[in-house]
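Before anything else, here's the structure in question.
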Amino acid sequence: MIKLSKLNEPPVLTQNKEQWLNEYLRCHNSGAANLPAQYRHTEIKEQIKKETFDKCAYCESKVTHICPGDVEHILPKSRFPSNVYDWNNLTLACQLCNNSKRDFYDSTNPLLNPYIDNPEDFLAALGPAIFPKAGTIRGRVTINQLNLNRSGLLERRNDKLNDILHLIEEYNQAQPDSKETLRNQLIKEYEQDKEFSFTTKSFLRNNGVI
């Protein structure tokens, strides 16, 4: 998980959210089985994909090249129906993180919100695994609830770190005149748009590259 910033609210949401919310609340309060989901509007989702770099806001998997990804409500819509069209409450999540999160909410120790919290204050990475920093209950709650160390994620992070390790070995053996070029190449591997940039950045730090 990395720190994210909200982009401008899409005009289609600004223009319609009051009407959409009223419709949603009417259906919600009447116990309707199928609730409106205009938050999935193409313009809304495209803006969310841009601000998350086409990655799950929680596990950083690049999801849209293999599946559409879910428009995720940070505060679960089942418990906070009035926030269902709140632009600051919408992000992108992979299906596995979304299913793990479900309607979880703990007012004392809420899940980390990458738009408000800096994940580096709560989480640390050692190799492909993510751990809570000492004394950060919210870090532990977030890892456990979202299952951020599930086997599939560990395997994919490990594959990326193995590729990075080869670059580090090349960097360590490089002549001074080419070392800076290789270092810049390594730094690009943890830019915001890269998959698993949080673990990559920690790996490079632990190996003395940054």
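The values are calculated or read from the model by the stated rules, or taken from the named source; none is laboratory data. All values reported here derive from a predicted model rather than from experimental measurement. Note that we place each Cβ from the backbone using ideal geometry, even for glycine, and neighbour counts take in every protein chain shown.
In the stretch 70-92, is there at least one residue being touching a Gly at 6+ places or on another chain (Cβ under 7 Å) and at pLDDT 95 or above?
First, the residues of the stretch 70-92 that are touching a Gly at 6+ places or on another chain (Cβ under 7 Å): 92.
Filter again for at pLDDT 95 or above, leaving 92.
Yes, that holds for at least one residue.
Taking the condition modelled with pLDDT under 95, over 17 Å from Q145 (Cβ atoms) and polar (S, T, N, Q), does T64 pass?
Yes.
Also, quick follow-up: Hey, does the stretch 128-135 have a residue that's touching a Phe, Trp or Tyr at 6+ places or on another chain (Cβ under 8 Å), surrounded by 14 or more Cβ atoms within 10 Å (Cβ to Cβ), at pLDDT 95 or above and β-branched (V, I, T)?
Checked against the condition, which is being touching a Phe, Trp or Tyr at 6+ places or on another chain (Cβ under 8 Å), surrounded by 14 or more Cβ atoms within 10 Å (Cβ to Cβ), at pLDDT 95 or above and β-branched (V, I, T), the stretch 128-135 yields at least one hit.
Being of a type in the set (K, R), more than 17 Å from the chain's Cα centre (by Cα) and within 24 Å of E120 (Cβ to Cβ) is the filter; apply it to the stretch 152-210 and report the residue that is surrounded by the fewest Cβ atoms within 10 Å (Cβ to Cβ).
K188
Among the residues of the stretch 35-59, which ones are assigned to a loop (DSSP other than H, G, I, E, B), crowded, with 21+ Cβ neighbours inside 10 Å and touching a Gly at 6+ places or on another chain (Cβ under 9 Å)? Spell out how you get there, then give the answer.
Keep residues of the stretch 35-59 that are assigned to a loop (DSSP other than H, G, I, E, B), which gives 35-37, 41, 52-54, 56-59.
In the following step, the residues that additionally are crowded, with 21+ Cβ neighbours inside 10 Å were identified as 52, 56-59.
T52, C56 - these are the residues of the stretch 35-59 that are assigned to a loop (DSSP other than H, G, I, E, B), crowded, with 21+ Cβ neighbours inside 10 Å and touching a Gly at 6+ places or on another chain (Cβ under 9 Å).
Sticking with this one: Going by what's in this entry, would L123 be described as touching a residue at least 60 places away in the same chain (Cβ under 8 Å) and touching a strand residue (DSSP E or B) at 6+ places or on another chain (Cβ under 8 Å)?
Numbers: touching a residue at least 60 places away in the same chain (Cβ under 8 Å): yes; touching a strand residue (DSSP E or B) at 6+ places or on another chain (Cβ under 8 Å): yes.
Answer is yes for this residue.
With respect to the numbered conditions (1) more than 21 Å from Y190 (Cα to Cα); (2) in contact with a strand residue (DSSP E or B) (Cβ under 7 Å, 6 or more places away or on another chain); (3) of a type in the set (F, W, Y), which one is the sole condition not fulfilled by W20?
If we test W20 against (1) more than 21 Å from Y190 (Cα to Cα); (2) in contact with a strand residue (DSSP E or B) (Cβ under 7 Å, 6 or more places away or on another chain); (3) of a type in the set (F, W, Y), just (2) comes out false.
Within the stretch 110-148, restricting attention to residues that are assigned to a loop (DSSP other than H, G, I, E, B) and over 14 Å from the mean Cα position of the chain (by Cα), which residue is nearest to I74 (Cα to Cα)? Break it down into steps so the answer makes sense when it comes.
Quick first cut of the stretch 110-148, residues assigned to a loop (DSSP other than H, G, I, E, B) only: 110-118, 122, 127-128, 133-136, 147-148.
Of the ones still in play, those that are also over 14 Å from the mean Cα position of the chain (by Cα) are 110, 122, 127-128, 133-136.
Working: P110: 10, F122: 18, G127: 28, P128: 25, K133: 22, A134: 25, G135: 23, T136: 20 Å.
Residue satisfying both the conditions and the ranking: P110.
Between K6, K17, which is among the charged types (D, E, K, R), in a loop (DSSP other than H, G, I, E, B) and either farther than 18 Å from N113 by Cβ or in contact (Cβ under 8 Å) with a residue 24 or more places away in the chain (or both)? Don't jump to the end; show me each part of the working.
On the way: K17 fails: in a loop (DSSP other than H, G, I, E, B).
Exactly one residue qualifies, and that residue is K6.
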